[in-house]
Every structure is written in structure tokens, then in C-alpha cells.
Amino acid sequence: MKRLIYIFAALVALSSCTISEGGNSDQNLVAKMAASMAISEVQQQIHILSYAQTIDYYSQAGDGEREIIEDQHLPNVRLRQTDNGWKVVRNGQDLFSFVCNGALNEEGSVWNVYLAQDTSLTNDHWWQIKCIGENRWHLDQMIHYVERSVNIALDVKAGEQIQGQLQSSPIYKYEIEGECEITQDEVVVAPYRVKMKIIEPIVFDNYQYHSGFSGTAFTEGRLSMRVTDYKTGEAVVAPFHYWISPEHSNVKIEYLMTE
């Protein structure tokens, strides 16, 4: 436990005003680390969805508009069309690509996401964006690394466009539901299985983060969390609920009675 505490101290150093119930400082630290891991996975999905939305907008624009879209929303990367979709390129290197089956906001369309030049991935993985209604998508990812695997399924609704002009950032507010599971083996410092379920929808507002310099772009929501040893299945901390705050302070963790 202490080894984990030391490694992740920097991760939660800004979370100095934790409000918790029924916990101690060590388990609070582990709980916040696990919640941070899960939230980070959700944020990655939102950024990929935002890339897809920008690409979809770009694909329907004229040549003059495309340059403006790239400069405004993709200043550090460029888009390259392929036979079946689009690549995102930085400094001549492929970052990832989308294989597109239909327009992104067309119900039933599926966009597959592929990472480029990542030799640590196995063959047993997928990453999809499926349109399930107007401005609604199901994001589904199962991905295995050498030391880590992630399984995440989210339903995301895009709301109003955010205020201001934010470069290289999601351009809509999002409401998110779903769950994820992260498994890390003994190669890493935290060999745990983290299970997260969103029990009160998460709201993502990137404008509030950039304009207010708060701790996260997630402004509300509640997670149900379980953290267990990846081999034995024994609980590392008691199951808990985690309330998302737009700032790193005033985080609330509520530990639950074990079943």
C-alpha cells in the first residue's frame, strides 16, 4: 500500500480539501487515484468523439472553410483523407485514424478508431463510435496493452456548442452515462481492477475549465467505484461513491457498507 501512496502522491497533490465519510487518508488516496483513472478514460473518449465531430464537419466543408477549421480546432495536427475515412497526422506521423461508415450524426453509422504505431497492442481490441440518434453516440472500447486493459462503454449526448473559440478542444458540452473497467497487472505500481459506473450523468464543459482554470472539465456527476486486487479479487478499499467537482477541492467520497 505504501508504495502506491508514494507513487500517486503527486497525482492527487491538488486535492487537499477532501470531504470523505468513513475513510482514512490512505484509502482516500487510493480511492481518488482510482476515480482519477476512470475519469481520465472518459475524458479520452470525449476527445476522440470531438475529433470525429470536427472531422465530420471538415469533410462537409469547402476548401476555404477547411483551412479555417484546421487552424481553429486542430492547430497542432492535420487531417488526411483515406479510401475509407480519415487520418489524424502530427509532424508527418500518423496518430490515429477513423474508418467511417456513414456520416457521424446519421443514426446507425459506425466509425472505427485505430491507434497508429502502437506495438504494445494485441489483436483483441476494438474502438467504435456508433450514432444512436441525433447528437447521441455510443462509445465502445476494449483495448489491451501489455500491462493494462480497458473496457469502456458510454452513451454520450452533445448539447450546446461551448462559448468562445477554444483551439484543439471539444467544442460541445456533453452529458455522459455508462461504465468502464480498468485492469492493471503487477508490471505497474497499482495492480488493481477498477470498476466504475456512472450513476448520475457526468457533464463535460471544456469552456468552464479553460475560462475558470478549474481542476477539471467535468462539472458534475457521481460515480460508483470498486477497487480490487486484479488477481485475488479482494477489495483494496471499500466500495464508494465519488462526486465530481469542477475544482480539485471539495471532492466528496462516500464509502459504502460491504456486501
Discussion item. Just to check your reading of the model, which residue among 61, 103, 116 is under 20 Å from the mean Cα position of the chain (by Cα) and among the small types (Gly, Ala, Ser)?
Written reply: 116
Worksheet item: Restricting attention to segment 53-78, and to residues there that are of a type in the set (S, T, N, Q) and within 15 Å of residue 90 (Cβ to Cβ), which single residue is surrounded by the most Cβ atoms within 10 Å (Cβ to Cβ)?
Response: 54
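Restricting to segment 103-160, count the residues that are of a type in the set (Val, Ile, Thr), part of a strand (DSSP E or B) and either under 25 Å from residue 34 (Cβ atoms) or modelled with pLDDT under 95 (or both).
As a first pass, look at segment 103-160 and keep what is of a type in the set (Val, Ile, Thr): 110, 113, 119, 122, 129, 132, 143, 146, 150, 152, 156.
Subsequent filtering for residues that are part of a strand (DSSP E or B) retains 110, 113, 129, 132, 143, 150, 152, 156.
After this cut, where a residue has to be either under 25 Å from residue 34 (Cβ atoms) or modelled with pLDDT under 95 (or both) as well, the list is 113, 143, 150, 152, 156.
Selection size over segment 103-160: 5.
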Worksheet item: residue 40 fails exactly one of the following numbered conditions: (1) buried (at least 19 other Cβ atoms within 10 Å of the Cβ); (2) assigned to a helix (DSSP H, G or I); (3) hydroxyl-bearing (Ser, Thr, Tyr). What is the number of that condition?
Response: (1)
Practice prompt. State yes or no: is residue 91 in contact with a strand residue (DSSP E or B) (Cβ under 8 Å, 6 or more places away or on another chain), of a type in the set (S, T, N, Q) and either buried (at least 17 other Cβ atoms within 10 Å of the Cβ) or farther than 22 Å from residue 183 by Cα (or both)?
Written response: no
Worksheet entry | segment 46-75, residues that are part of a loop (DSSP other than H, G, I, E, B) and under 23 Å from residue 139 (Cβ atoms) | 60, 74
Worksheet item: Which one of the conditions (1) modelled with pLDDT under 95; (2) surrounded by 16 or more Cβ atoms within 10 Å (Cβ to Cβ); (3) closer than 20 Å to residue 43 by Cβ; (4) of a type in the set (A, V, I, L, M, F, W, C) does residue 213 fail to meet, given that it meets all the rest?
Response: (2)
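The values are calculated or read from the model by the stated rules, or taken from the named source; none is laboratory data. Note that the structure is a prediction, hence the values are computed from the model and not measured. Here the Cβ is made from the backbone with ideal geometry for all residues, glycine too, and neighbour counts use every protein chain on show.
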